Structures are given as structure tokens and as C-alpha cells.
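Below: one structure, written as C-alpha cells.
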Amino acid sequence: MRLSHLAFACLLAGSGVASAQERSNRLNLPTYAPPPIATLQATPIRTYQAPEARQGVAVDAEHFYAVVNTVIARYDRETGAREAHWAGPRGGLIRHLNSCFADAGSLWCANSNFPLTPMASSIEVFDAHAMTHTRSHSLGLTDEGSLTFFDRYGDGWLAGFAHYDGEGGHAFKNAAFAGIVFFDSEWRRTGGYALPASVLARMAPHAASGGALGPDGLLYLLGHDLPEMYVLARPSMGPTLVHVATIAIPVAGQAFSWDRSTDRRVVFAIDRPSGTVRSFDMPAVPLTTPDARPFTPEAARR
């Protein structure tokens, strides 16, 4: 039996069994070339001092909200004065607020048990005026990883999940398993996408700490520490997002928010080493290939 197996292997080797590349060449198939990645620059507008600016920032028409693990502090956008805050005990029921966004008088926040494993996550909602906790929805343990951000998407949600190399990660899933997941209004999974290798490589050994859909319907991500924002489009087919632009922005990663109160393309982000919140004018991002599309139908019609 062993001799027959060896003979069969030799026969295959000598028969010129075609490789995948050779078969493609015989069919005259072109080799895919990813679209070019635009290199752009954000323009600083203003800097605010905020010692809570360690995990992220949310923003509405009159205030911004600096976030660190178990604390959210509200600041006046005009004066920069700290007005109120919510604080939970260290090691309590809320352990690691990753990001928040402001909507209709509420702060919607992504929470996880990082750096504990197995990974568990929840959605926490706060009253932005009273700065009180109002409701919670637990996702529990999820195969997707640790929830770091989410945004409204139609009648449901778009969410970013992280995996990590090292602390807070699983030995059987490294940072390359980070991805984007779609949910309906009841937080039932409806689909998702993998992140492109060009973005995963820049964020490793961590993942996207912040993300949000822009006014153009594209997905914007910040990693853990590099001063650059990645812009991703929905592919025309397949399971992997398309990396269409990288925007240089002088912040050290983490969570950010779009300013929905203006028609300008304004983002609020944090610089964790300096304990500051910074606002920026963001450049327009061109889509130059039919393979890359906006996420939202409204943006596609503009």
C-alpha cells in the first residue's frame, strides 16, 4: 500500500498537474489589482483640554463628551468648561467604555470587559443632559470579539469588533479576526465584512478603537495609536471591505465622532497622550472604482 501511494504521488508529480496560477493563465484571467489608496490630510480646527480624553469622544451641537473606561464628562464646546459627568466604580458593572456617540439627547456607548477573557460586550445608554445611565443591552459572549464601536445603519446597527494579539486577546484568534458586523434593530446579526489586509497590518497588534459612518456613506476607522484614519467602502461583491483612503490626522488613535450638527465634514477625536479633544475639517474622499461603494443608499444618490 505504501509503495502504491508513493507511485501515485510520483505519477501526479510527473504528469504536470496544473497549479491554480497555471490554470488561471490558461483561461487568460487577469490578476486583480486593488484600487489605489488615496493619501489625504485632516485640517485642525480647535483643541480642548480634557483629562478624561483617554478612550474617545462624542459630540452634539453644544457639547462634547470625553470618555475614559468608567467616566464620561460633558464639556461646553464654546468655552471648553467641564459641566457635568457620570462615573462608575473601577472594576464595577461597566469596565471599559470604548466609544460613544450622541443622538437625540442620549449617549450610546460600546462597553466591553477588556482585558478580561472570554470577551463580553454590552450597549450602554446615558441621558446626555442629566448624565445618568438609562438602559443597557448585553451582547454577552460573542464569537466576533470585543465591541469597540457601533453606529446607526438604516433601521439597525453597524458594529466594529476587535481581537488582539497579547493582552485581552485569545490565543486561537489574533488581531486579524477583527471585523464589521451588521445587526437589525433587535441586535440580531444580519451580515458582516472582513477588514482589508492593508488596514489590519497598520492596526496590529490591536484593532479599530473607533469607527463611524461618514456623511458620504463611507466607513471611517481609527486604530489604537497611529495618527491616521482609514476610509473603507463596501465592495461590489465578496466579504472584504475596500480600503480607499488613509487620512493623516494628528491624534493617537482611539474613538472619535462626526459632528452631525454642521454641514461641514467635521470630526472630533482625542489625543490620549496629551489629554486633549481636537476637532478637524476632513477632506472629501473620492471613489474611483466601481468595486467600491458607499454603505448608505442616500450617499450613493448624492
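The values are calculated or read from the model by the stated rules, or taken from the named source; none is laboratory data. Not measured: the values here are computed from a predicted model. Glycine also receives a Cβ, built like all others from the backbone with ideal geometry; neighbour counts cover every protein chain displayed. The area values use the complete protein model at the heavy-atom level, side chains included, leaving out ligands, DNA and RNA. Shrake-Rupley method; radii C 1.70, N 1.55, O 1.52, S 1.80 Å.
Helix 2-14 and the longest principal axis of the Cα set of the chain meet at an angle near 80°.
Remark: the Cα gyration tensor places the range 54-185 in the prolate category, a/c being 1.5 or greater and a/b exceeding b/c. Once Cα extents along the principal axes in Å is calculated for the structure shown, the corresponding label among (1) 80, 42, 36; (2) 63, 63, 37; (3) 59, 45, 38 turns out to be (1). Remark: the Cα gyration tensor places the range 147-302 in the rounded category, a/c being less than 1.5. Among the GluC sites (Glu not before Pro) in the range 97-195, those located in a DSSP loop and surrounded by at most 10 other Cβ atoms within 10 Å of their own Cβ are E167, E186. Summed over the residues of the range 209-258 and divided among them, the accessible surface reaches 23 Å² per residue at a probe radius of 1.4 Å. Label point of F172 set 7 angstrom out along Cα-Cβ; within the range 138-155, amide nitrogens under 16 Å from it belong to 141-146.
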